[in-house]
């Protein structure tokens, strides 16, 4: 079972904080999961397709969109953070 988490302003924009779901058929990478989630939601969810505005982590380690998924991970989506 995947645990999917949304953080910071992304959580507010999507109106969701987390959910659990089985790995969808045909979804093998973080990028494919983002595409799947975006296709399931309304226009706000299209934000998940933009890897310049949304970063990802699997099991609390930053990963690229081509990172493979096996179905038992925690996948986190969050906006880039800047300091100042």
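A short reminder: the numbers here are calculations on the coordinates, not readings from a lab. This one's a predicted model, so the numbers in the text were calculated from it and none came from an experiment. When we count neighbours, we look across all protein chains shown, and the Cβ atoms used for this are built from the backbone with ideal geometry, even at glycine.
Restricting attention to the range 50-84, the residues that are exposed (fewer than 12 other Cβ atoms within 10 Å of the Cβ), outside any loop (DSSP other than H, G, I, E, B) and in contact (Cβ under 8 Å) with a residue 12 or more places away in the chain add up to 1.
Is the range 20-33 home to any residue that is within 11 Å of residue 77 (Cβ to Cβ), surrounded by fewer than 17 Cβ atoms within 10 Å (Cβ to Cβ) and within 13 Å of the chain's Cα centre (by Cα)? No, because not a single residue in the range 20-33 is within 11 Å of residue 77 (Cβ to Cβ), surrounded by fewer than 17 Cβ atoms within 10 Å (Cβ to Cβ) and within 13 Å of the chain's Cα centre (by Cα). How about the range 1-17: which of its residues are surrounded by fewer than 16 Cβ atoms within 10 Å (Cβ to Cβ) and assigned to a loop (DSSP other than H, G, I, E, B)? Selection gives 1, 15, 17.
On the stretch given as the range 34-49, residues that are touching a helix residue (DSSP H, G or I) at 6+ places or on another chain (Cβ under 9 Å) and not in a helix (DSSP H, G or I) total 1.
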